[in-house]
Amino acid sequence: MRAASLTCIILFLSLSLHAADSAKLSGDDGNPKDFSGYSLIEAIPNTEENVDLLRYLDAKVDEEAMDFWSDPTTLDKPVEILLHPEINLSLIH
């Protein structure tokens, strides 16, 4: 079940990335960026396929849409990912 859930989450996220806008640490006025609406998720890969998929996304997806706070390295090691607000998480829950 966990493997299917992670695969479903990653597939949905990868399909949703086209909707994400660029994010900056500071706005055009030089003030700090407001991260309201961003989501921090934790993925726990429990198969080598899931680890490889997370590694692929970490390498290929724009960091402004999906920012990996920890590297996907091994099985059962949590991976924290910051998601742009336009990525709809409601279908994942």
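Filtered by the rule that a residue be in a loop (DSSP other than H, G, I, E, B), among the aromatic types (Phe, Trp, Tyr) and under 13 Å from the mean Cα position of the chain (by Cα), the stretch 31-72 gives TYR38, TRP69.
For the structure I just gave you, tell me whether HIS84 is open to solvent by 80 Å² or more (accessible area, probe 1.4 Å), at pLDDT below 95 and of a type outside the set (Gly, Ala, Ser). Spelling it out, it is not the case that HIS84 is open to solvent by 80 Å² or more (accessible area, probe 1.4 Å), at pLDDT below 95 and of a type outside the set (Gly, Ala, Ser). Scoring ARG55 on the criteria (1) basic (Lys, Arg); (2) modelled with pLDDT of 95 or more; (3) open to solvent by less than 90 Å² (accessible area, probe 1.4 Å) leaves a single failure, condition (3).
The values are calculated or read from the model by the stated rules, or taken from the named source; none is laboratory data. Here the structure is a predicted model, which is why all the values come from computation and not from measurement. Areas reflect the complete protein model, heavy atoms only, side chains present, ligands, DNA and RNA absent. Shrake-Rupley method; radii C 1.70, N 1.55, O 1.52, S 1.80 Å.
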